[in-house]
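Working notes for the structure below.
The values are calculated or read from the model by the stated rules, or taken from the named source; none is laboratory data. Keep in mind that this is a model prediction, so the values were computed, not measured. Cβ placement follows ideal geometry from the backbone for every residue including glycine, while neighbour counts extend to all protein chains displayed.
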Amino acid sequence: MSQASFENICVFHILDGLREGLSHFSSPSRVAVVYAVGRGEPPRICDPQGLLEGHEPKLQDYFLYSSRWRSREDIEGLHILSHEETDLDLSGIISLAARSNSVCYQMWFTEEHPDMCSLGPTRSWLEYAAEMLSQHFAIGNVMGLDTAGFMLQHCAVHAIRDFIVDERSRQVGLDTQIRVYPFLDAILGVSATKEEGASPRGRIVVVEPSELDQVRFVCRFPQDEQPQTANFKHVRKLLQAVEDSGRVLVSDGTSVLGIAIGPMPGAYLAAQFSGSYGFLWIRNQLVCSFSDGRFRSSNLRANLVQLEEQLLETDMSMEKQNALFKIASTMVNRVRDRKHGCTVVVDMAREPMVMSGQHLEEPLDLTRTSQLKLACSLAKLDGAVHIGRDLKLHGFACLMDGRSVPGENRARGARFNSALRFTAEHEDLVVVVVSADRPVSIIKDGVELTALCHFHHVCGLRRPPLLAEWVMS
């Protein structure tokens, strides 16, 4: 096999496995890589889904008009470059660069989604891809490339574990006795275990054994009776003792030591179970969420970027734009947390339209916390809540009607399709539709602004082009 063919197959399998894995951990994700195999070779780029389009000037300045990315020294193993060394700062892009003897330079890129808890696990994932590429170029054999791609599809737990270890090492040093893998397994196992039909709620904290004397224990279990975290059913039952309270279960990572209250010492790990979903923390730093037996990068907050963009296009003052956005965000996230659907009509006209529904003698002032809470409760009723640019609630249980429009989706409910029809006939409205199962749609002018972009499937690649040719084309 020629070098060009090997290079093509190697880059394709690793890039495709990485893309598949990140798309399951986050929203659908694109991946790209810029690399140079030999020390004096020009850089090549593999960007099959157009992730780096629009960033050509910075790539050109860094790779073509400068040679600071090139190494003049032999490198043993894989050397990951710091963010300061790469100095690209591409908006909306996570990147990681590395050097090795087999691949002189490589920089991997993927999307930075706005709802990510932390960029750390994704960067660890990119590091795996860099290590795979270096290893297979060093071996020069295509036999293990299928396995490499498969491994990169299923790296969520390993990426989270590596980020936790690196972050705790940075905060407290390398001297740690906490085993992270058993705790991560316990999180997924407990989250999927129901007790009398109810999903788990409560908090488990993992503390460094050397710092346990700083924990305020309410009670401790004898050493020979400490429940193992691997016994998911037992831990799930114990969580009932700390549910809806300030108490937490305290663990060393493999056993539950007792129940405690108050602040925890050091760079502790914490898993917050909130029913069907939960969050993993390092101290007060959010790492990721978990639900349905899987870890995810999402912070589970509604992504209302498109609403914010629509508000920016109005003639409202920046102060009013921010206030209206915060009101809509509060209502949407509270509704999602309570797991019932709703429809929020954001009316940006100078004079709010009259909608068919329940009106009020005096509109509710949503800048007041008590009235905003009332509006969130009114959102439970069938029909839409109507918010004006004056930051007031003008109606609730409002009906939306209109003629049929293209783009209606029978797989979606009446809220979604009614919003499509209604906004198609009223141009000053943006409608936010919250489904009971948490998805959020933002609709304007009869079009869903939040519709997912389905990237074309990558079936195979030619040899990646030179970066200079790619920039020119």
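Determine whether region 188-205 contains at least one residue that is touching a Leu at 6+ places or on another chain (Cβ under 9 Å), acidic (Asp, Glu) and outside the structural domain of ARG161 (by TED's automatic domain parsing). Yes, the conditions are met somewhere in region 188-205. Might you let me know whether region 215-230 holds any residue that is of a type outside the set (A, V, I, L, M), without any contact (Cβ under 8 Å) to a residue 60 or more places away in the chain and either closer than 18 Å to GLU196 by Cβ or not assigned by TED's automatic domain parsing to the domain that holds LYS194 (or both)? For region 215-230, residues of a type outside the set (A, V, I, L, M), without any contact (Cβ under 8 Å) to a residue 60 or more places away in the chain and either closer than 18 Å to GLU196 by Cβ or not assigned by TED's automatic domain parsing to the domain that holds LYS194 (or both): absent.
Listed by position, the helices (runs of 4 or more DSSP H) inside region 1-87 whose residues that are touching an Asp or Glu at 6+ places or on another chain (Cβ under 9 Å) and assigned by TED's automatic domain parsing to the domain that holds LEU145 number at least 2 are 3-25. One residue is enough: does region 119-139 have a residue meeting the conditions β-branched (Val, Ile, Thr), over 26 Å from LEU184 (Cβ atoms) and not in a helix (DSSP H, G or I)? No.
Give me a count of the residues in region 292-335 that are within 23 Å of ILE187 (Cα to Cα) and in contact with a Leu (Cβ under 8 Å, 6 or more places away or on another chain). Counting residues in region 292-335 that are within 23 Å of ILE187 (Cα to Cα) and in contact with a Leu (Cβ under 8 Å, 6 or more places away or on another chain) gives 4.
Cβ-Cβ contacts under 6 Å between residues 6 or more apart (or on different chains), taken from a first residue in region 117-145 that is more than 20 Å from LEU22 (Cβ to Cβ) to a second residue that is in a helix (DSSP H, G or I) and not hydroxyl-bearing (Ser, Thr, Tyr), are listed as VAL142/ILE9. Out of SER23, SER82, one residue alone is within 18 Å of CYS155 (Cβ to Cβ), free of Cβ contacts under 8 Å to residues at least 12 places away in the same chain and of a type outside the set (Asp, Glu). It is SER23.
Where strands (runs of 3 or more DSSP E) fall wholly inside region 178-259, the ranges with 2 or more residues that are surrounded by 21 or more Cβ atoms within 10 Å (Cβ to Cβ) are 201-206, 248-251. Of all residue pairs spaced 6 or more apart or on separate chains, none has beta-carbon atoms under 9 Å together with a first member in region 255-283 that is free of Cβ contacts under 8 Å to residues at least 12 places away in the same chain and in the same structural domain as ASP115 (by TED's automatic domain parsing) and a second member that is assigned to a strand (DSSP E or B) and surrounded by 16 or more Cβ atoms within 10 Å (Cβ to Cβ). Applying the condition of being polar (S, T, N, Q) and touching an Asp or Glu at 6+ places or on another chain (Cβ under 7 Å) to region 286-316 and asking which residue is farthest from ARG389 (Cα to Cα) yields SER298.
Put simply, of LEU449, LEU378, LEU420, LEU393 the only residue that is out of contact with any Asp or Glu (no Cβ under 9 Å at 6 or more places or on another chain) and either farther than 30 Å from SER66 by Cα or modelled with pLDDT of 95 or more (or both) is LEU378. Looking at the structure I just gave you, is LEU381 closer than 30 Å to ARG201 by Cβ and surrounded by fewer than 21 Cβ atoms within 10 Å (Cβ to Cβ)? Yes, satisfied. Screening region 31-50 for residues that are in contact with a Phe, Trp or Tyr (Cβ under 6 Å, 6 or more places away or on another chain) and closer than 27 Å to CYS288 by Cα and picking the one that is surrounded by the fewest Cβ atoms within 10 Å (Cβ to Cβ) gives GLN49. For region 1-30, the candidate set comprises residues that are modelled with pLDDT of 90 or more and of a type in the set (A, V, I, L, M); within that set, the residue that is surrounded by the most Cβ atoms within 10 Å (Cβ to Cβ) is LEU22. For region 146-168, check the following and say yes or no: at least one residue is surrounded by fewer than 14 Cβ atoms within 10 Å (Cβ to Cβ), of a type in the set (Phe, Trp, Tyr) and within 28 Å of GLU76 (Cα to Cα). Yes, the conditions are met somewhere in region 146-168.
Screening region 314-406 for strands (runs of 3 or more DSSP E) wholly inside it with 2 or more residues that are without any contact (Cβ under 8 Å) to a residue 60 or more places away in the chain returns the ranges 358-365, 384-388, 392-398.
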